[in-house]
Amino acid sequence: GAVVSQHPSWVICKSGTSVKIECRSLDFQATTMFWYRQFPKQSLMLMATSNEGSKATYEQGVEKDKFLINHASLTLSTLTVTSAHPEDSSFYICSARDLWGAEAEKLFFGSGTQLSVL
Amino acid sequence: LAKTTQPISMDSYEGQEVNITCSHNNIATNDYITWYQQFPSQGPRFIIQGYKTKVTNEVASLFIPADRKSSTLSLPRVSLSDTAVYYCLVGDRFGSGSARQLTFGSGTQLTVLP
């Protein structure tokens with residue numbers, strides 16, 4: 001199946017700094033990627049939909065100025081957590097579909113990024 | 001939104017068949033039912049998708065009754081490595097980008113015991 005690569009797998013940062021997470025579709029072009037956040041023992045929460053070449057669509061309650069999403073190419077989307085604070089500590093996961101592939105009905109997920117803000 | 005309801009947790013023993021049921025009373029005509037598996041600190045992985053009746057692949061079966069208001073994921077002869085959280089999602093087949101297709105419910109924590 002299609003592969004979605006996410007980096008870094010974990011990051012520790014000081015409060016007030018910004019952190020960038022990359023999500024790449026390795027063997028397909030993803031016009032749309034999705035970003036989720038997951039707190040311990042909880043389900044995935046959709047944060048935003050990232051569209052190549054246009055502004056991301058954020059879910060209600062997600063601060064667009066806090067979580068900057070860039071989808072500059074068909075294979076790369078980035079999530080930047082700006083001025084991170086301890087409450088932003090979470091597991092962030094990206095996903096994408098290969099709409100022109102044989103498995104178009106599947107969401108392919110990255111391996112996730114564990115962010116810890118001290 | 002087509003909300004889904006699943007049991008919070010289930011326990012089973014190695015070698016048994018496990019059935020996890022998901023309720024989706026407000027499923028729409030063009031909605032499909034998709035199941036994902038998630039291990040700790042990993043992204044979810046697609047298991048199976050269906051529209052009606054029965055679908056089977058190499059890892060699971062999906063049973064959907066005629067009214068489609070529920071579905072049952074069946075895992076044959078589970079092993080310890082099947083311990084994970086299982087999510088049921090409802091939405092149009094290819095996910096036009098609508099949040100409905102991408103909304104994860106609470107999931108079911110399956111624990112397989114030796």
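Averaging the Cα positions of each part gives two centres, and for segment A:1-75 and segment B:25-72 these lie 25 Å apart. Amide H contacts under 5 Å for B:Thr83: B:Val112, restricted to partners 5 or more places along the chain or on a different chain, H placed in the peptide plane at 1.01 Å from N. For the residue pairs A:Lys41/B:Lys3; A:Lys14/A:Lys41; A:Lys55/B:Lys52, the alpha carbons lie more than 30 Å apart in A:Lys55/B:Lys52. In this simple spin-label model, placing a label point 7 Å from the Cα along the Cα-to-Cβ direction at both B:Gln16 and A:Trp10 gives a separation of 3.3 nm. In chain B, the ratio of gyration radius to Kirkwood radius, Rg to Rh, stands at 0.95 when only Cα atoms are counted.
Once backbone amide H atoms are built at 1.01 Å from N, B:Glu14 has B:Leu113 as its partners under 5 Å, excluding neighbours fewer than 5 places away on the same chain.
Among DSSP beta bridges whose residues both lie in the protein assembly as shown, state the antiparallel percentage, nearest 5. Spell out each step's value before the answer.
On the way: 65 of 74 bridges.
Counting only bridges with both partners in the protein assembly as shown, antiparallel ones make up about 90 percent.
If you average the sequence gap of Cα pairs under 8 Å that are 6 or more apart and divide by the length of chain A, what percent do you get for the contact order? Computed over chain A, the figure is 36 percent.
Within the listed set A:Lys106, A:Lys41, A:Lys55, the residue fluctuating most in the Gaussian network model of chain A (springs between alpha-carbon atoms under 10 angstrom) is A:Lys41.
Out of all Cα-Cα pairs in chain A, roughly what percent, to the nearest whole number, are more than 19 Å apart? When all Cα pairs of chain A are counted, 42 percent exceed 19 Å.
Based on other C-beta atoms within 10 Å, arrange A:Glu103, B:Glu58 from fewest to most.
Details: A:Glu103 14, B:Glu58 5.
Neighbour counts put them in this order, fewest first: B:Glu58, A:Glu103.
When you filter the chymotrypsin sites (Phe, Trp or Tyr not before Pro) in segment A:47-100 for DSSP loop state and at most 10 other Cβ atoms inside 10 Å of their Cβ, you are left with A:Trp100.
Values quoted throughout were computed directly from the atomic coordinates according to the rules given, and no laboratory measurement underlies them. Please read these numbers as outputs of a predicted model, since none were measured by experiment. All Cβ positions, glycine included, derive from the backbone under ideal geometry; neighbour counts span all protein chains shown.
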